[in-house]
Amino acid sequence: MDILYKIFIEPFVFMGEAPDLLIQTLWEGLVSGVLYALIALGFVLIFKASGVFNFAQGIMVVFAALTLVGLYEKGVPAFLALILAALAMLVLAVVVERVVLRPLVNQPDIILFMATFGLTYFLIGFGELIFGGNPKEMITSALLLPQGTTELDMLGGMVRFQHLDIAAAVIASIMIGLLAVFFSKTRIGRALRAVADSHKAALSVGISLNQIWVIVWFAAGIVALVAGIMWGARSGVSFSLQIIALKALPVLILGGFTSIPGAIIGGLIIGVGEKIGEFYWGPLVGGGVETWLAYVIALLFLLYRPQGLFGEKIIERI
Amino acid sequence: MLYREAGQFKTNYAADSAIFPLRQDRLGLGVIILAAYALAFIGNSFLLQAVMIPFLVFSLASIGLNILTGYTGLLSLGTGAFMGVGAYACYKLMTAFPGVNVIIWIFASGFFSAAIGALFGLPSLRIKGFYLAVATLAAQFFLQWCFIRIPWLVNYNVSGALDAPLRTLFGTPIMGPNATPQTRYLVVLTIVILLTWLASNLVHGRIGRMWIAIRDMDLAAELMGIRPLQTKLLAFAVSSYYCGVAGALLVFLWYGGAEYDVFNINQSFFILFMVIIGGLGSLIGSFFGAALIFILPIVLGIVLPAMLSPFGISVGADVIEHLRFMIVGALIIFFLIVEPHGLARLWQIGKQKLLVWPFPY
């Protein structure tokens with residue numbers, strides 16, 4: 001009975017007693033959720049347009065951030081470095097399309113998946129070769145990102161809001177809004193949606209698939225750059241960020257592989273669920289549940305709704 | 001000229017359905033096995049300890065994953081964790097019952113990872129493909145968390161690490177600090193040959209055909225009377241059994257001691273590389289894949305400095321390490337482009353060409 005009390009009653013009593021802590025935890029969950037969503041967004045963009053499950057998205061985040069910081073350390077002004085990092089992602093997109101995607105067109109999914117593994121290895125080696133393997137500080141102040149914290153009196157306690165987190169949430173929202181406009185209003189965006197619907201039909205009306213692939217990989221690269229700046233500002237730029245990027249996978253399951261709103265809502269659910277679970281239920285099993293809770297949430301979710309929240313109904317299942 | 005089918009007549013069904021129908025193939029296999037045993041007596045301890053033992057261990061794990069991914073078509077990213085379950089189970093068993101021969105416990109530990117594998121294989125009934133891959137990631141992270149957080153698994157020792165106690169076979173130490181690479185190599189080789197033989201019989205028999213039917217089209221397989229639940233779970237269990245045994249061998253006969261970190265997500269990816277580069281649905285491909293992915297970086301580490309030095313470029317160990325990553329990554333892409341069906345297919349094509357040589361057909 002005692003254990004049941006500890007699982008089902010005590011955490012809620014604690015939530016009610018200290019609402020400020022609950023809000024703090026929720027806020028932290030939301031912020032990391034936004035960042036998970038940003039990484040997941042990169043996956044979704046590429047998966048929609050080319051059907052490639054891009055494992056290299058995580059390393060693209062690290063690579064973009066490394067390029068930015070590495071260039072800055074070599075004396076390039078911060079905003080020029082930002083533009084150059086974006087250009088580097090464009091070059092990467094072109095090279096990937098020419099060297100990896102074009103020769104492998106029409107291969108089974110798993111082969112393309114493996115090719116992105118190869119890309120991951122290559123980028124790890126390449127990034128370390130050029131910029132060194134040591135963790136780096138993100139150039140937060142040079143990029144005019146706000147620092148410091150605001151403390152608000154709330155519900156009988158103090159709730160801290162890091163300015164950086166607020167900026168991250170705002171920038172991510174703007175980014176998502178821009179992407180939404182890009183997809184629905186522009187010519188290229190419509191072409192992208194056409195390709196997502198049917199490759200063959202898109203080809204027959206004169207949309208160049210090769211061009212589209214370069215564009216989506218570039219877009220995913222830009223999303224990776226933004227995600228890299230935000231994650232880097234929170235926890236430093238190093239290759240261990242790549243493991244955090246794996247957290248985007250349960251987000252994708254929750255949201256569906258092909259849905260942009262799904263990626264965002266899935267990210268928020270995973271981020272909040274993870275932090276709440278860690279803070280209130282984690283101590284019962286000795287803490288550290290954050291590493292696997294997201295996957296278990298996704299797993300349970302799969303049993304009820306295999307296509308995800310907003311995913312397409314056609315899913316490989318019996 | 002020597003490799004010809006001519007003159008070998010099959011007079012019964014058994015001969016017709018043999019796995020190695022050609023006499024030359026059977027002879028070749030015998031020579032390879034003999035050479036592998038001979039290597040224990042002529043190879044130096046670096047070759048045995050740093051190359052051959054891990055190569056065999058990874059081959060075994062690749063066979064395990066190949067049964068699941070190659071033969072049954074279920075993608076799994078939890079291989080590292082299943083290897084870990086085998087290693088921890090083996091440690092618990094052999095410290096709890098020190099009197100029983102350790103070889104028995106190595107084989108028994110696989111059953112524990114088989115049970116865990118079947119448990120985490122349950123979602124495979126509803127989902128396939130990448131969704132299943134992510135579901136198996138849950139196994140990977142959850143089990144790794146268990147290895148860290150449950151001190152009972154390492155008998156409450158302070159370091160939290162697994163260490164190989166001294167164990168003997170026929171009076172010779174095969175595990176622990178006193179075991180020579182030679183004896184450990186012989187033990188690993190024998191276990192790997194035994195299990196490979198077993199896997200070969202499994203995948204060529206009724207069970208293997210059930211797995212392949214499920215892989216090729218699960219709906220049709222179900223209509224033919226193959227039960228997807230049992231078949232998929234069996235694939236998970238057998239696959240995890242192989243991975244578990246490989247994990248036990250990895251820790252106790254190669255490293256001699258290890259922490260939970262050995263079984264991290266990178267290990268799972270590493271094995272998946274081997275399976276796909278080697279060839280999905282091919283046992284010999286598992287060996288090729290393990291050879292390419294594991295031995296190639298070692299060879300590169302030796303060859304690269306030698307290749308660069310004539311040009312007056314001397315580079316540090318870290319640059320070599322980075323170049324290795326780049327070359328391995330580029331090679332993975334290269335092999336996928338040249339032959340998406342893996343090295344096993346190249347081997348098959350090579351043998352076919354050799355049969356009709358010097359004519360093209």
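Derivation of every value follows stated rules applied to the coordinates shown; laboratory data play no part. Every value quoted in this text rests on a predicted model; they were computed, and no experiment measured them. Note that each Cβ is placed from the backbone with ideal geometry, even for glycine, and that neighbours are counted across all protein chains shown.
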Taking A:K136 as meeting all but one of (1) surrounded by 16 or more Cβ atoms within 10 Å (Cβ to Cβ); (2) over 18 Å from B:P340 (Cα atoms); (3) of a type outside the set (A, V, I, L, M, F, W, C); (4) within 12 Å of chain B (Cβ to nearest Cβ), write down the number of the exception. (4)
Being out of contact with any Phe, Trp or Tyr (no Cβ under 6 Å at 6 or more places or on another chain), within 13 Å of chain A (Cβ to nearest Cβ) and in contact (Cβ under 8 Å) with a residue 24 or more places away in the chain narrows it down to one of B:H322, B:H341, so name that one. B:H341
Could you check the stretch B:159-237 for helices (runs of 4 or more DSSP H) lying wholly inside it with 3 or more residues that are closer than 28 Å to B:L48 by Cα and under 25 Å from the mean Cα position of the chain (by Cα)? B:181-204
Listed by first then second residue, the pairs whose first member lies in the stretch B:123-136 and is within 7 Å of another protein chain (Cβ to nearest Cβ), whose partner is of a type in the set (S, T, N, Q) and surrounded by 21 or more Cβ atoms within 10 Å (Cβ to Cβ), with beta carbons under 8 Å and at least 6 positions apart or on separate chains, are B:A135/B:S124
Cβ contacts < 6 Å: first residue within 8 Å of chain B (Cβ to nearest Cβ), restricted to the stretch A:103-114; second residue not in a helix (DSSP H, G or I), any location; separation 6+ or different chain. Result? A:Q107/B:P340; A:I111/B:P340; A:F113/A:F53
Which one is farthest from B:A89 (Cα to Cα) among residues in the stretch B:145-158 that are away from chain A (no Cβ under 14 Å) and touching a residue at least 24 places away in the same chain (Cβ under 8 Å)? B:N155
Looking at the structure I just gave you, is A:G266 buried (at least 19 other Cβ atoms within 10 Å of the Cβ), small (G, A, S), within 14 Å of another protein chain (Cβ to nearest Cβ) and more than 18 Å from A:Q162 (Cβ to Cβ)? yes
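Yes/no per residue for (1) over 30 Å from B:A14 (Cα atoms); (2) out of contact with any Leu (no Cβ under 8 Å at 6 or more places or on another chain); (3) surrounded by 14 or more Cβ atoms within 10 Å (Cβ to Cβ):
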site	(1), (2), (3)
B:L169	yes, yes, yes
B:T180	yes, yes, yes
B:L186	yes, yes, yes
B:A199	no, no, yes
B:R206	no, yes, no
B:L219	yes, yes, no
B:T231	no, yes, yes
Working only within the stretch A:115-132, note down all residues that are among the small types (G, A, S) and facing chain B (nearest Cβ under 7 Å). A:A115, A:G118, A:G125
Being buried (at least 21 other Cβ atoms within 10 Å of the Cβ), within 12 Å of chain A (Cβ to nearest Cβ) and of a type outside the set (A, V, I, L, M, F, W, C) is the filter here; which residues of the stretch B:252-278 pass it? B:Y260, B:S268, B:G278
A:F239: surrounded by fewer than 23 Cβ atoms within 10 Å (Cβ to Cβ), touching a Leu at 6+ places or on another chain (Cβ under 6 Å) and over 13 Å from A:I39 (Cα atoms), yes or no? no
